[in-house]
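S.K.: The structure follows.
The values are calculated or read from the model by the stated rules, or taken from the named source; none is laboratory data. This one's a predicted model, so the numbers in the text were calculated from it and none came from an experiment. Ideal geometry is used to build each Cβ from the backbone, glycine not excepted, and the neighbour counts take in all protein chains shown.
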Amino acid sequence: MHFKALKIGVALFCGLIPSMMCQEGNSSMPVFTPELNSMRTLSVGFVIFPGFELLDVFGPMEILTVLSAFNKMTLSVIAEETGLVPAGMQPYGPDDFSAPPTDFGHVIAPRVEATHNFKNAPALDILFVPGGLGVVTLEQTNNTGVEDFVKLRYASLEYLIGVSFGGTTLARAGVLDGKRATTNKSGWTWITERGPNVTWVPQARWVEDGNIWTTSGTASGLDATYALFSRLYGAQPLNYLLNVIEYAPHLDPSWDPYATAFNVSKSNNSTWQSCVNPVTMPMR
């Protein structure tokens, strides 16, 4: 009887092995099939800091909130300290400090509660790192807390997603070295200078390299979240949920008219015409 049970157990275990494969870029992390993902609890974290970009966080979080009604997830909002963290623009000035920081105290600054700090955050499967002009302030005040946290946790993550200016943090943490990545085209020059060992892709809605995903501007976090979680849970449930919230994601990771809008690269005509007439602006 015990031998028969053992045979059944071995058979079941062996049946699961084809459902997993090594994750490129992090060989210790298995990739689970949608069937297996539906049976486990996914631990998702979002890092926030003063001056983070709201949509970088709440775009992906909207999709995950709806998805979590049918799939078990936990959510951790992580900051340097627990409590309320403002999303408004923080004071910052020229990189050479030739002028005093500009005061943006008049800008609306919703506050979001951090449930954990960098020391007590739980184990995470997926970590989102947003951007926002607070990234500039962190650098100018020599605050490396976010990038230190990313550097510390990366080896244990299944996926790391840098949204928009969040690519700056990933680059400064060193986890993008030797990898392909993209970022917000409105801040292309400033951001890419922070990652000299990164192969920056100038025309991309998002870029996937191993278990690291980086996205273009703020709203692109929605598209990358759809693409990643469609892989994790299957496209059919994601398609239904996206129809419920009435958002049609861009499915082509190379779709990027904003590369043209900000003079980073020239998009082809069909891509450009599919955009809602962006205003051409000088490269920053």
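S.K.: Filter segment 230-256 down to residues that are assigned to a helix (DSSP H, G or I), free of Cβ contacts under 8 Å to residues at least 40 places away in the same chain and farther than 27 Å from PRO202 by Cα, then give me how many there are.
M.R.: Matching residues across segment 230-256 total 5.
S.K.: Tell me the residue from VAL244, VAL198 that is in contact with a strand residue (DSSP E or B) (Cβ under 7 Å, 6 or more places away or on another chain) and either modelled with pLDDT under 95 or farther than 18 Å from GLY132 by Cβ (or both), please.
M.R.: Exactly one of VAL244, VAL198 is in contact with a strand residue (DSSP E or B) (Cβ under 7 Å, 6 or more places away or on another chain) and either modelled with pLDDT under 95 or farther than 18 Å from GLY132 by Cβ (or both), namely VAL198.
S.K.: Residues that are modelled with pLDDT of 70 or more and not β-branched (Val, Ile, Thr): which helices (runs of 4 or more DSSP H) entirely in segment 1-70 hold 1 or more of them?
M.R.: Counting at least 1 such residues, we get 34-37, 54-67.
S.K.: So which residues in segment 119-131 are assigned to a loop (DSSP other than H, G, I, E, B) and either touching a Pro at 6+ places or on another chain (Cβ under 8 Å) or buried (at least 18 other Cβ atoms within 10 Å of the Cβ) (or both)?
M.R.: Listed by number, the residues that qualify are ALA121, LEU124, ASP125, PRO130, GLY131.
S.K.: Do we have SER265 as more than 17 Å from GLU53 (Cβ to Cβ), surrounded by fewer than 24 Cβ atoms within 10 Å (Cβ to Cβ) and free of Cβ contacts under 8 Å to residues at least 60 places away in the same chain here?
M.R.: no
S.K.: For GLY217, state whether it is surrounded by 20 or more Cβ atoms within 10 Å (Cβ to Cβ) and closer than 28 Å to SER186 by Cα.
M.R.: yes
S.K.: Looking at GLY105, GLY174, GLY167, GLY131 in this structure, which one is in contact (Cβ under 8 Å) with a residue 60 or more places away in the chain and either over 17 Å from the mean Cα position of the chain (by Cα) or closer than 25 Å to SER220 by Cβ (or both)?
M.R.: Every option except GLY131 fails the conditions.
S.K.: Okay, moving on. Restricting attention to segment 211-222, and to residues there that are part of a loop (DSSP other than H, G, I, E, B) and out of contact with any Ser or Thr (no Cβ under 8 Å at 6 or more places or on another chain), which single residue is nearest to LEU54 (Cα to Cα)?
M.R.: Here the answer is ALA219.
S.K.: So which residues in segment 169-210 are within 12 Å of PRO253 (Cα to Cα) and not in a loop (DSSP other than H, G, I, E, B), if there are any at all?
M.R.: ALA181, TRP206, VAL207, GLU208
S.K.: Ok, one more. For residues that are assigned to a strand (DSSP E or B) and among the aliphatic types (A, V, I, L, M), scanning just segment 71-90, find the one that is farthest from GLY134 (Cα to Cα).
M.R.: Per the stated criteria, the residue is MET73.
S.K.: While we're on this one: Out of curiosity, is GLY174 loosely packed, with under 14 Cβ neighbours inside 10 Å and modelled with pLDDT of 95 or more?
M.R.: So GLY174 does not fit the description; no.
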